[in-house]
Amino acid sequence: MTFRSIPAAVSALLLISVISANLGSPALAQSAPAAVEAAGVRDYAIDPTHAQVRMSWNHMGLSNPGATFETIEGVIRLDPGDPAASRVSVRIPVAGVDSGVPALDAMFQNEAFFDAANHPEITFESTAVRFTGLGSAFEIDGDLTVRGVTRPVTLQARLNGSGVHPMTGAPVVGFSAETRIKRSEFGLDVALPMVSDDIDVQITLEASAQ
């Protein structure tokens, strides 16, 4: 998102300054594991205004462009007492992809790419969650479905923070995750090998208790 005028940008900066002064820093002072444990088993709805999935690829060995999905929906269930019982369910509308190149965004919708008319969503359903024992890091196994093709993937994830949202009063959590997939496994073989088969995926999101 870009600000269209200098006054708008100044206003935004002033607003951020006021919020920071009133709330203090950090706003979520409670440590991530402690806050999650205190909340117990909860379902957290992904906040679509603070969530993003970015995919990037290599182009002819020269550059690494990418695109983002700005609309993400889903639920995360956290069970601190039994981490393996935690689960993730995510839906990503294909129409929300944004590469910064309108012509490419339009191509992503057609049948050679995501085939949005027949497969309007990308989905992920977790099948296993494993804490690695390294701080807040964990792994999420799951089924990723793209263009109607489902393949297993593993996300390397991290709990960034948690606590009580200073504006809503609801328990909140924040996560980051990453993985690498081969697009050809989902029937996306356009422009191989000039455009890499490997797609790097980075995820960042916030979720609020339901």
| task | Kindly indicate whether any position in the stretch 124-147 is over 19 Å from Ala84 (Cα atoms), among the aromatic types (Phe, Trp, Tyr) and at pLDDT 95 or above. | result | no
| message | Just to be sure I understand the filter: pairs with C-beta atoms under 6 Å, separated by 6 or more residues or on different chains, first member in the stretch 180-197 and in contact (Cβ under 8 Å) with a residue 12 or more places away in the chain, second member of a type in the set (S, T, N, Q) and assigned to a helix (DSSP H, G or I). Which pairs pass? | response | Asp197/Ser184
| request: Give the stretch 159-210 a look and list any residue that's within 29 Å of Phe108 (Cβ to Cβ), hydroxyl-bearing (Ser, Thr, Tyr) and either in contact with a strand residue (DSSP E or B) (Cβ under 7 Å, 6 or more places away or on another chain) or modelled with pLDDT under 95 (or both), or say none. | output: Ser176, Thr179, Thr204
| remark: Across (1) surrounded by 12 or more Cβ atoms within 10 Å (Cβ to Cβ); (2) out of contact with any strand residue (DSSP E or B) (no Cβ under 6 Å at 6 or more places or on another chain); (3) modelled with pLDDT under 95; (4) of a type outside the set (S, T, N, Q), Val10 clears everything bar (1)
| said: Asp47 - would you say it is over 26 Å from Ala209 (Cβ atoms) and surrounded by 15 or more Cβ atoms within 10 Å (Cβ to Cβ)? | reply: no
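The values are calculated or read from the model by the stated rules, or taken from the named source; none is laboratory data. Because the structure is predicted, anything quoted here is derived from the model rather than measured. When we count neighbours, we look across all protein chains shown, and the Cβ atoms used for this are built from the backbone with ideal geometry, even at glycine.
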